[in-house]
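Okay, so here's the structure we're looking at.
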């Protein structure tokens, strides 16, 4: 990916690189975990706009907005129907010490929103997700001007994989393509950048080909705008085999995506911090960019819940930091503001992993 383009937000980029050069930055924790605590029902997810199965802002005619299917569980939709709740979650993580706030856009692609008949909302979900996060970061930074806060525009993996057949009887079958993925990512990227995202993160990557489609779409949008923002890449080691779902080791994952010249590469989800350590270490040995880690709060128990306490998780991630493995840390499934506060305290004052930052980092 070209690094010749200027920054879309040059002052924000300068502050980001300056912060990374002096300390370990902290990402927020799980959005879904926090939203579950509100115990919203179907009406809560629909809000006034989608009551009755039609999109009130589309005149009630053009789109059938979830008619015939439940919208409960579409957490991204709450950006539009319950923005107060999304603001509250972002603010809780900022108050806990997070430097980087992820937009509530993990499933805000046409492919994923098709499960709810809400494909038409892709751009709006991403734009509003970034706008809400930006507003919260501006408010927090006004209170702590010596700690700049940044919005990560999240691009999730989608619910489909370009490398693996969903049909065990037909290994050659694919239910998506590189081109389809790139198109759905492109619409999301436009929304995130228009809404004010400071960075873009392709995250929870289980299929590197999906990530390549996202990166291709990012590069095209940067060229179209004549400007860029930093990119974060975060993969998922799906189990203790040490490989992604599409079969790559952590090192192979890095080399497959190195061409994007990311600000950071790292791992999130699937594993707890203890189980993730070896793979974060592997990335730290080869990456010429920052390394990130935002694991789950341990492994899920028999009820699918996460039991690792903030103190336990912070102790493990604190060791990542003291061993010189990471530049950016945070939490994924099962983590709360209490986890993020403990992690922030554990890495405070610990030098970030040393790396050569590009000469034009803040140009």
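No value in this document is a laboratory result; all are computed from the given coordinates. All of these numbers come straight from a predicted model, not from anything done at the bench. Cβ coordinates were reconstructed from backbone atoms using ideal geometry, including for glycine residues, and neighbour counts include every protein chain displayed.
Counting only alpha carbon atoms, the long axis of helix 208-225 and the longest principal axis of the chain meet at about 90°. Given their separation in residues at 0.36 nm each and the Cα-Cα distance between them, residue 72 and residue 23 gain 13.7 nm when the chain is fully extended.
Relative to the longest principal Cα axis of the chain, at what angle does helix 310-322 sit, 0 to 90 degrees, rounded to 10? Between helix and principal axis, roughly 50 degrees. If you take the beta carbon distance between residue 84 and residue 169 as r and set R0 to 35 Å, what does 1/(1 + (r/R0)^6) give as a FRET efficiency, to the nearest 0.05? Step by step, r from the Cβ atoms, then E = 0.15. If R0 is taken as 35 Å, the Cβ-Cβ distance between residue 241 and residue 57 corresponds to a FRET efficiency of 0.15. Against the chain, whose longest principal axis is taken from its Cα atoms, helix 273-286 shows a tilt of about 70°. Length gained on full extension, residue 286 to residue 249, computed as 0.36 nm times the residue gap minus the Cα-Cα distance: 12.1 nm.
Within segment 1-40, the proportion of Cα pairs with more than 14 Å between them is 68 percent. Note on residue 220 and residue 301: their simple-model spin labels are 4.7 nm apart, each label 7 Å out from Cα toward Cβ.
When the Gaussian network model of the chain links Cα atoms closer than 10 Å, the mean-square fluctuations of 284, 214, 88 top out at 88. Could you calculate, for the chain, the ratio of the Cα radius of gyration to the Kirkwood radius, expressed as Rg to Rh? Looking at the chain, the ratio lands at 0.94. Can you compute the FRET efficiency between residue 183 and residue 4 using 1/(1 + (r/R0)^6), with r the Cβ-Cβ distance and R0 = 30 Å? Round to the nearest 0.05. Computed FRET efficiency for residue 183 and residue 4 comes out at 0.75. Shape annotation for segment 168-322: C-alpha extents along the principal axes are 45, 44, 30 Å, from largest to smallest. First obtain the Kirkwood hydrodynamic radius of segment 43-185 from its Cα pairs, then insert it into the Stokes-Einstein equation at 4 °C and 1.567 mPa s, and state the resulting D in µm² per second as a whole number. The diffusion coefficient I find is 78 µm²/s.
With the chain treated as a Gaussian network of Cα nodes joined by springs under 10 Å, which of 122, 81, 335 yields the largest mean-square fluctuation? Maximum among the listed residues: 81.
Orientation-averaged projection of segment 238-363 equals 8.3 nm² [convex hull of Cα atoms, one quarter of hull surface area]. Taking the chain as a Gaussian network of alpha-carbon nodes connected by springs under 10 Å, the highest mean-square fluctuation of the residues 172, 97, 272 belongs to 172. Kindly identify segment 134-195 as rounded, prolate or oblate by the Cα gyration tensor criterion: order the square roots of the eigenvalues as a ≥ b ≥ c, call it rounded if a/c is under 1.5, otherwise compare a/b with b/c, prolate if a/b is larger, else oblate. Judged from the Cα gyration tensor, segment 134-195 comes out prolate (a/c at least 1.5, a/b above b/c).
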